[in-house]
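What follows is one structure encoded as structure tokens, with my remarks underneath.
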Amino acid sequence: MPREALVSRSELTVSQEVAAILPDGRRVIRWTIGSPAGATAEVLSLGARLQALDVPDRDGRRANVVLGCDGVGDLLGEAAYLGATVGRYANRIAGGTVPVDGTTHRLRAQPGGHTLHGGPDGFATRLWDGVPVREGRRAGVRLRLRSPDGDQGFPGELRAEVTYLLDPAGQLRIGYRARADAPTVVNLTNHAYFNLAGEGSGTVLDHLLRVDAAGYLPVDEGLIPLGPVESVAGTPFDLREAAVIGERVAVEDPQVRAAGTGFDHTWVLDGTGLRRVAVLSHPASGRQVECLTTEPGLQVYTGNHFDGSLTGRSGRPYRAYAGIALETQHFPDSPNRPEYPSTALRPGEEFRSTTVYRFSVA
């Protein structure tokens with residue numbers, strides 16, 4: 001199917017095309033949101049995922065800065081989380097059980113016994129319905145999904161929505177909304193892996209990362225939080241001043257080793273409301289992205305598991321540290337931790353969350 005322009009303005013365009021066909025014959029749609037000011041985003045209906053994001057470096061050279069694969073087999077398998085909207089509950093739930101209003105619900109779990117990113121058939125593997133949208137000077141796509149009662153074991157029917165909006169300056173805004181017809185839990189995020197040198201160009205070990213957080217959540221060998229928030233002071237997790245990622249993950253620290261020689265932890269963010277919480281930069285290209293969010297936590301994952309078995313859109317294999325995920329979300333295992341911010345959603349309430357990735361060059 002040829003690409004069809006759906007929204008056209010002097011500053012932004014949105015077009016769509018068929019990107020792939022699923023084994024059952026359903027079509028995967030790709031929306032391309034373009035900005036002549038220097039940024040272009042691609043969004044797939046499969047997993048409501050950010051498939052590509054082209055931004056310029058200090059010399060105006062554009063490159064795709066998020067990891068992604070094209071093959072349906074990869075997107076339904078090993079690459080399922082790359083750029084995807086993950087849920088119904090992002091991150092881990094210990095033992096695959098969720099208590100809701102006194103009733104314990106048994107969830108589908110992955111190997112190891114915990115439920116990750118909503119279960120083996122979570123939102124990342126679903127085909128979402130999408131329509132182009134425009135809000136002021138922003139343009140993009142809004143995608144919706146109905147998750148039935150009992151989906152992966154979660155109670156209540158959930159109707160989820162995610163909206164990607166790009167503005168002419170290259171700022172990408174991701175907005176999430178959800179409603180349920182019975183008490184349940186929800187925690188949605190985007191699982192894009194960034195490499196500001198360009199997708200497939202190598203590792204992010206030379207990137208600088210700053211996270212505005214005085215605390216983090218140590219984890220056990222299953223990457224389940226041990227419990228209380230601990231101070232980042234005196235640890236490799238103190239990123240209140242920008243630090244080189246490679247230097248931090250090389251530190252001999254039990255928590256760094258617990259995540260597979262890297263980060264796979266939640267930072268407990270300072271402040272509330274929509275605020276800047278992290279800055280990732282690549283000195284060689286000058287590219288920089290600021291992350292803003294309304295969420296209380298940021299899961300930083302340095303792609304420790306990549307082993308070369310996945311080949312990206314560049315045609316190059318993804319090896320360890322090929323990208324870094326900055327997942328804005330509530331805390332792991334919150335339904336089982338009443339001391340953590342609540343992820344409960346009840347009828348008549350609406351889950352809302354906003355994350356912004358703001359690109360610039362230095």
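The values are calculated or read from the model by the stated rules, or taken from the named source; none is laboratory data. Here the structure is a predicted model, which means the values were calculated and not measured. All Cβ positions, glycine included, derive from the backbone under ideal geometry; neighbour counts span all protein chains shown.
Among the residues of the range 141-159 satisfying the criterion of being surrounded by 20 or more Cβ atoms within 10 Å (Cβ to Cβ) and out of contact with any Asp or Glu (no Cβ under 9 Å at 6 or more places or on another chain), which is farthest from residue 175 (Cα to Cα)? In this case the residue turns out to be 154.
Taken over the range 187-218, residues that are touching a helix residue (DSSP H, G or I) at 6+ places or on another chain (Cβ under 7 Å) and surrounded by fewer than 20 Cβ atoms within 10 Å (Cβ to Cβ) amount to 3. Being surrounded by fewer than 17 Cβ atoms within 10 Å (Cβ to Cβ), within 24 Å of residue 163 (Cα to Cα), at pLDDT 95 or above and polar (S, T, N, Q): is that true of residue 353 here? Considered against the rule, which asks whether it is surrounded by fewer than 17 Cβ atoms within 10 Å (Cβ to Cβ), within 24 Å of residue 163 (Cα to Cα), at pLDDT 95 or above and polar (S, T, N, Q), residue 353 comes out as no. Pairs are defined by a Cβ separation below 6 Å, a sequence spacing of at least 6 or placement on different chains, a first member in the range 96-107 that is touching a residue at least 12 places away in the same chain (Cβ under 8 Å) and at positive phi, and a second member that is surrounded by 12 or more Cβ atoms within 10 Å (Cβ to Cβ) and part of a loop (DSSP other than H, G, I, E, B); the pairs so defined are 96/107; 96/109; 101/183. Contact annotation: residue pairs with Cβ atoms under 7 Å, 6 or more positions apart or on different chains, pairing a residue in the range 261-273 that is without any contact (Cβ under 8 Å) to a residue 40 or more places away in the chain with a partner that is surrounded by fewer than 20 Cβ atoms within 10 Å (Cβ to Cβ) and part of a loop (DSSP other than H, G, I, E, B), are 273/294.
Per-residue answers, yes or no, for (1) free of Cβ contacts under 8 Å to residues at least 24 places away in the same chain; (2) in contact with a helix residue (DSSP H, G or I) (Cβ under 7 Å, 6 or more places away or on another chain); (3) over 20 Å from residue 19 (Cα atoms):
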residue	(1), (2), (3)
114	no, yes, yes
117	no, yes, yes
133	no, no, no
140	no, no, no
144	yes, no, no
156	no, no, yes
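For the range 312-328, indicate whether the set of residues that are aromatic (Phe, Trp, Tyr), outside any loop (DSSP other than H, G, I, E, B) and surrounded by fewer than 23 Cβ atoms within 10 Å (Cβ to Cβ) is non-empty. No. Among the conditions (1) of a type in the set (A, V, I, L, M, F, W, C); (2) touching a Phe, Trp or Tyr at 6+ places or on another chain (Cβ under 7 Å); (3) modelled with pLDDT of 95 or more, residue 44 misses just one, which is (2). Those strands (runs of 3 or more DSSP E) of the range 24-66 in which 2 or more residues are crowded, with 24+ Cβ neighbours inside 10 Å occupy 27-35, 39-44, 49-56. Yes or no: the range 2-13 includes at least one residue that is surrounded by 22 or more Cβ atoms within 10 Å (Cβ to Cβ) and either in a loop (DSSP other than H, G, I, E, B) or modelled with pLDDT of 95 or more (or both). Yes - at least one qualifying residue is present in the range 2-13. Here the condition is being modelled with pLDDT of 95 or more, touching an Asp or Glu at 6+ places or on another chain (Cβ under 6 Å) and at negative phi; of 310, 345, 326, 298, it holds for 310 alone. Against the condition charged (D, E, K, R) and either without any contact (Cβ under 8 Å) to a residue 40 or more places away in the chain or more than 14 Å from residue 262 (Cα to Cα) (or both), how does residue 337 come out, does it pass? The answer is yes for residue 337.
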